[in-house]
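Written out below as structure tokens is the structure these notes cover.
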Ligand code: SF4
């Protein structure tokens, strides 16, 4: 059992009571909601004649269904309009803060909350979305919940949950040039497998993690769930505090020092124990690309797609399905795979630093002919800051479309979709069958820098050959 | 949707029904219910869209389209079933199609708790025994009877113990698997937490 880790401390602090049957009742410090998983929860409250217990602890935005080309209301898609409308009404009725389109603070919920200073160390954060793990980058315990639990949080500000085990993932050394947080996390998931994290919280630590910026740390924690872990976190440090300072909802004035002092005390102790520890050498990670239909099926850019023999017996069935669906042969290289669509965005890699890196590669370059490339900033704030730096112009000049913020083709609930069996190079987090809107569409996950390189070359390429010296 | 759909209510001590096998590891929530069907403000019409893309690709040969599986209610799956998103639409779609319990090698965590929250017990069983059930050949689908208190499944083929979280089992037996009321019993303690948590003191209200 783990002891004195940040996870243990935060869990104990938020534990209301042990419930009969073995789970704990956990207080949720910050509840984030969006249009897809909340309407049925509000409906259930109505059925049970319940109120939102602490409306001041819930914050809403809209992201999954928003169109990224024309956001004028009513939306062209009636169902999308109905969903945003329902959220608007629910927020007004229950007095919940809603950052709507045009507020300057709308965007993907996991991009928005940190930007606003809502996400802070030591909190428990829940949202009806599995990538809530993102917020763990700040040393909060953050996890996705289903709609019934959204209802529970609205009604009681608590949920029933079994305590997780804690696995430390220690990353030695540093990432080499042209290798990013996305590559590291894809590599970790590949090595451990997509179900290794079930029942665990992942603590990411070590020199390679300390060195990452807050945005990169969010990329790592974001994908904890792809490794099966419901939450992932990183102990807060000076970088964390600098990021949070002076944001809209961060502690102000005299409260700031009190907050920092408390945050410092939350870190996993020197003598903390973990359920297990796994070590990685970050310096050995290459730019990494998925070739299959789970985020665990990835290889380094210069490696070959593994044959069944090279794959663990437990993973052979899904590997067989992946070859067939993706149209790849074992032993084939991933490099030079022709690409039809390039997508830069999502809660994994749709932040300012992601757009900066991609733009630095695209500067004075052109997207390959017949390739569709588009960039969807993670939030209105990201879009504004990127424009302030002129990044939009670099993208547009290179041949990318510059879109309005939202989830977009990460899950294709709006009109941004793959067609037929198109292949996308995508900075998002899931390459599941059909994920990007076409039942036979194929997704290759990679870092935003690698997507930019693929856009220029029209095929999967090693971004290190594109980095300007 | 089955016209007579009724969500489960109250104590559940036994679930009996025909099995339906779905073979494959890591079957994710995007496959169970593709994202385009999430555009809804209630769960009522999800049944017909369950596995929509897989079913389309298999042109009538998907287990959820086979005539022999029409009345089945106990789903037999392999490992890491339900990985991916937190969308409760996935278990809701299965439930509305007619699934009352799931037996599998392993489940993704959020999917598992979503199932429990809406009244679908999920049981674990070894790879070998799952295989035995999935590859059982006979004229009729295997009829299974699950005894919740004993965590046991009975059938002509085999009678074995199943794995389930103690907390989940107790919820079904006591009828308290609707968590909201249980949680609200501790209102005083919740209020106390709200007053005590350090960060709620040094943060301003959001609204
Ligand atoms: S960007 Fe993708 S993964 Fe992130 S919240 Fe939106 S749909 Fe989910």
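The values are calculated or read from the model by the stated rules, or taken from the named source; none is laboratory data. If you're wondering where the values come from, they're calculated on a predicted model, not measured in any experiment. Cβ coordinates were reconstructed from backbone atoms using ideal geometry, including for glycine residues, and neighbour counts include every protein chain displayed.
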- residue A:117 passes all but one of (1) free of Cβ contacts under 8 Å to residues at least 60 places away in the same chain; (2) within 11 Å of another protein chain (Cβ to nearest Cβ); (3) more than 15 Å from the ligand (Cβ to nearest atom); which number fails? (1)
- Message: Given (1) within 14 Å of chain A (Cβ to nearest Cβ); (2) more than 19 Å from the chain's Cα centre (by Cα), identify the lone condition not met by residue B:49.
- Response: (2)
- For segment A:146-155, state whether one or more residues are within 16 Å of the ligand (Cβ to nearest atom), in contact (Cβ under 8 Å) with a residue 24 or more places away in the chain and either within 15 Å of the chain's Cα centre (by Cα) or closer than 19 Å to residue B:197 by Cα (or both). no
- Message: Among the residues of segment A:331-341, are any in contact with a strand residue (DSSP E or B) (Cβ under 6 Å, 6 or more places away or on another chain), outside any strand (DSSP E or B), farther than 22 Å from residue A:410 by Cα and away from the ligand (no atom under 16 Å from the Cβ)?
- Response: yes
- Is segment A:401-424 home to any residue that is surrounded by 22 or more Cβ atoms within 10 Å (Cβ to Cβ), away from the ligand (no atom under 15 Å from the Cβ) and either within 19 Å of the chain's Cα centre (by Cα) or within 14 Å of chain B (Cβ to nearest Cβ) (or both)? no
- Query: What number goes with the only condition from (1) closer than 17 Å to residue A:204 by Cβ; (2) within 14 Å of chain B (Cβ to nearest Cβ) that residue A:290 does not pass?
  - Reply: (1)
- Message: For segment A:55-74, which positions are more than 16 Å from the ligand (Cβ to nearest atom) and within 11 Å of another protein chain (Cβ to nearest Cβ)?
- Response: A:55, A:56, A:57, A:58
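Of all residues being in a strand (DSSP E or B) and buried (at least 24 other Cβ atoms within 10 Å of the Cβ) in segment A:199-225, which is farthest from the chain's Cα centre (by Cα)? Just the residue, please. If you could, list the steps in order and put the result at the bottom.
Taking segment A:199-225 as the starting set, the residues that turn out to be in a strand (DSSP E or B) are A:200-205.
Now narrow it down to the ones that are buried (at least 24 other Cβ atoms within 10 Å of the Cβ): A:200-204.
Working: A:200: 18, A:201: 16, A:202: 15, A:203: 16, A:204: 15 Å.
It comes out as A:200.
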- Note on the structure: Note: among A:196, A:137, just one is assigned to a loop (DSSP other than H, G, I, E, B) and more than 20 Å from residue B:179 (Cα to Cα), namely A:196
- Item | Cross-chain or 6+ apart pairs with Cβ under 6 Å, segment B:181-202 first and within 7 Å of chain A (Cβ to nearest Cβ), then modelled with pLDDT of 95 or more and part of a helix (DSSP H, G or I) | B:183/A:152; B:183/A:156; B:184/A:156; B:198/A:262; B:202/A:259
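Scanning for something within 14 Å of another protein chain (Cβ to nearest Cβ), away from the ligand (no atom under 14 Å from the Cβ), at negative phi and over 22 Å from the mean Cα position of the chain (by Cα), does segment A:441-463 turn up at least one residue?
Step one: of segment A:441-463, the residues within 14 Å of another protein chain (Cβ to nearest Cβ) are A:441-443, A:445.
If we keep only those that are away from the ligand (no atom under 14 Å from the Cβ) as well, we get A:441-442.
In the following step, the residues that additionally are at negative phi were identified as A:441-442.
This time we only want the ones that are over 22 Å from the mean Cα position of the chain (by Cα), so: none.
So far as segment A:441-463 goes, no, none of its residues is within 14 Å of another protein chain (Cβ to nearest Cβ), away from the ligand (no atom under 14 Å from the Cβ), at negative phi and over 22 Å from the mean Cα position of the chain (by Cα).
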- Message: Can you tell me how many residues within segment B:57-93 are within 16 Å of the ligand (Cβ to nearest atom) and in a strand (DSSP E or B)?
- Response: 1
